[in-house]
Amino acid sequence: MGRVLSAMVSCMVVIYAEESSILLLPSYQGFRGLVNTPNALVLPEGEIEIMYSNQIENLTPNSLVDFREDKEEENYFINMGIVPNLDISLRYSYGTYTNLDRTFMSDRIVSLKYQLPFIPQRFLSMAVGMQDVNAHSNYLSSQYIVLSKTVANVRGSLGYAHGEEEAALDGPFGSMEYQPLSWLQLGAEYDTREWNGVLKANYQTTLGNNPTNLGVMAKSSLDYDDVYIGVYANSNFNHPSTNKAWDEFYVSEDRWKPTLTFEPDFILVDGSEYGHMDYTVALNSELAFRPFKHTIISGQYNVPLAMTDNFDEGGIFSYRNRHKTTPNVDQVLLSQYLILDTAYPWVNLLQLGRFDNELEGVSVESALSTSDGKHRVTMKYASLEDGLYEVMDRYHEEQREEKLLSYQYHLLSLQSNIRLTGGEFLYGDEGVMLGFKRYFSNLSLGFDVAYTDHEYKGVNNVARFTLTMPFGTTEHYRSDFLDIQTGNINYVRRKTLATESGTNYAQPLHLTEISNHFTLENYFMDQEKF
């Protein structure tokens, strides 16, 4: 099969072209490119892509026996065009020996590519990039510059990379992409170590209001003719919304009329020394009503649906979800808002009750904004009693306090917020966090970086990625006696940034803040938008 692919690629110049255009498709490394090499183009702004491939990275390309023998690898990607001209790829790779019970790779990889905006694309495109940013293992870490030129349905790319290890791009590379049919793309490349050929089939459709691509790729090499498969799906969310209030949490304005909300709750640990793809999935059912103006009473029932052994009772990860292994009421809250009509809008919130499983107490928030909504200062304080503190994996504090002060700037041109936060987070880590959140028509993407110090866990540099999108329909079902809606899907991924000492380990509860449907950010201020 690999020889067939190579022959198809080598003959691509004589294949009839159906139309004079070429799609911008993913590589096996996540960034826009061919197989292992990038081109000089990036994902369009607002486009989100998920991808999987089984390509085995050749970590020792100069060995007498090919490294890829007797091995398997899984690669999972989230690729994003979050701002103009910038391509961001988040990757998790997990490799195992087929004849041994051990792994050769379990790595989280962040890659960036920036397309220079001042060069007219009718001449050529230029981009610079970094693969495996802030890498600790350095398997694939490299920096590169690349030029691309598209003529009709052919795109050529040439570049140079500096790599840290043998497996990384290191030296000159080049590729040629050719699209003979509207749904078919062929290509060949030299990736600084070997020659690769690829076939990509793409199907364009629409899901909801979002233009969507669904695709499959098949790749092989001249020196190693195993075929590796990749599949992907991407949608562009950068378009006018049919429901501009998609992320507003709704409670009926009618006094005592309840609103029922269904929302999934899940945690994924993609790889660790304890396992691979550990998860817990639950369904939250929340009933809320408004007895008086600016007052909401709510209760939430959590029903676990599925979980791996490491999240089950007594499992190594059960503390991450506060030991929710059986159905229980994990939230009962009284939320009281106080709105002061001054020259600068001033909103306050007092919450009392159970905030999570065996986590009870009081929380206060106060937010002061400028009249145009561009600037906001928020103070948060919480004092909670933790009934699970004895089994919270080194977070052994019966009394939990949250003391945070933040400044937020709303960047209207990008529909984004930039926020600087300092103080003590819920589980005792103290420090500063810089965050950026971008809003599209019906989803939001957030990136945070933080420097924290913890009494038991020491100094850590932590990065966090957050994806929020609607769960099901954005419409509300309303009757005379009950309103029903679906909430959001929230995916959070943390990465502890490597330091020179190499002593940073995953801190899954760092940067945790009080969060529920009725905080100022999530309810009153439309998920931090003004």
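The values are calculated or read from the model by the stated rules, or taken from the named source; none is laboratory data. This one's a predicted model, so the numbers in the text were calculated from it and none came from an experiment. When we count neighbours, we look across all protein chains shown, and the Cβ atoms used for this are built from the backbone with ideal geometry, even at glycine. Only protein heavy atoms, including side chains, enter the accessible area calculation; ligands, DNA and RNA are left aside. Shrake-Rupley method; radii C 1.70, N 1.55, O 1.52, S 1.80 Å.
Scan the stretch 353-381 residue by residue and report those that are within 30 Å of Gly314 (Cα to Cα) and open to solvent by 20 Å² or more (accessible area, probe 1.4 Å).
Listed by number, the residues that qualify are Gly353, Arg354, Asp356, Glu358, Glu360, Gly361, Val362.
With a cut-off of at least 1 residues that are modelled with pLDDT of 90 or more, open to solvent by less than 30 Å² (accessible area, probe 1.4 Å) and over 27 Å from Ser220 (Cβ atoms), name the strands (runs of 3 or more DSSP E) lying wholly within the stretch 49-160.
71-83, 86-97, 103-115, 125-131
If I ask for residues that are out of contact with any Gly (no Cβ under 6 Å at 6 or more places or on another chain) and surrounded by 15 or more Cβ atoms within 10 Å (Cβ to Cβ), which ones from the stretch 223-233 would you list?
Tyr224, Asp226, Tyr228, Gly230, Ala233
Given the conditions (1) closer than 29 Å to Val251 by Cβ; (2) open to solvent by less than 50 Å² (accessible area, probe 1.4 Å); (3) touching an Asp or Glu at 6+ places or on another chain (Cβ under 8 Å), and given that Asp448 satisfies all but one, which numbered condition is not satisfied?
(3)
State which residue pairs qualify: first residue under 30 Å from Asp225 (Cα atoms) and of a type in the set (A, V, I, L, M, F, W, C) and inside the stretch 62-87, second residue loosely packed, with under 15 Cβ neighbours inside 10 Å and modelled with pLDDT under 90 in any location, beta carbons under 9 Å apart, and separation of 6 or more residues or different chains.
Phe67/Thr60
Please specify each residue of the stretch 362-381 satisfying the condition of being outside any strand (DSSP E or B) and among the small types (Gly, Ala, Ser).
Ser371, Gly373
Kindly indicate whether any position in the stretch 234-253 is surrounded by fewer than 15 Cβ atoms within 10 Å (Cβ to Cβ), of a type outside the set (Asp, Glu), farther than 30 Å from Tyr319 by Cα and modelled with pLDDT of 85 or more.
no
Could you check, for the stretch 271-289, whether at least one of its residues is within 19 Å of Glu521 (Cβ to Cβ), among the hydroxyl-bearing types (Ser, Thr, Tyr) and open to solvent by less than 30 Å² (accessible area, probe 1.4 Å)?
No: the stretch 271-289 contains no residue that is within 19 Å of Glu521 (Cβ to Cβ), among the hydroxyl-bearing types (Ser, Thr, Tyr) and open to solvent by less than 30 Å² (accessible area, probe 1.4 Å).
Scan the stretch 514-530 for residues that are modelled with pLDDT of 70 or more and surrounded by fewer than 18 Cβ atoms within 10 Å (Cβ to Cβ) and jot them down.
Residue satisfying the conditions is Ser515 alone.
Quick check on my filter: what residues within the stretch 174-224 are acidic (Asp, Glu) and within 16 Å of Ser21 (Cα to Cα)?
Listed by number, the list holds a single entry, Glu177.
Can you tell me which condition Pro180 does not meet? The list is (1) open to solvent by 10 Å² or more (accessible area, probe 1.4 Å); (2) in contact (Cβ under 8 Å) with a residue 60 or more places away in the chain, and all the others hold.
Pro180 satisfies every listed condition except (1).
If I go through the stretch 462-491 residue by residue, how many of them are of a type in the set (S, T, N, Q), surrounded by 17 or more Cβ atoms within 10 Å (Cβ to Cβ) and in a strand (DSSP E or B)?
Residues meeting the conditions: 4.
Restricting to the stretch 450-470, name every residue that is at pLDDT 85 or above and among the aromatic types (Phe, Trp, Tyr).
Once the filter is applied, which keeps residues that are at pLDDT 85 or above and among the aromatic types (Phe, Trp, Tyr), the stretch 450-470 yields Tyr451, Phe465.
Checking Glu165 against (1) under 28 Å from the mean Cα position of the chain (by Cα); (2) at pLDDT 95 or above; (3) of a type in the set (D, E, K, R), which test does it fail?
(2)
Here are some residues: Leu404, Leu349, Leu384. Which one is open to solvent by less than 70 Å² (accessible area, probe 1.4 Å), assigned to a strand (DSSP E or B) and farther than 20 Å from Leu509 by Cα?
That would be Leu349, the only listed residue that is open to solvent by less than 70 Å² (accessible area, probe 1.4 Å), assigned to a strand (DSSP E or B) and farther than 20 Å from Leu509 by Cα.
Assess whether Asp312 counts as being on the phi < 0 side of the Ramachandran plot, of a type outside the set (Gly, Ala, Ser) and surrounded by fewer than 16 Cβ atoms within 10 Å (Cβ to Cβ).
The answer is yes for Asp312.
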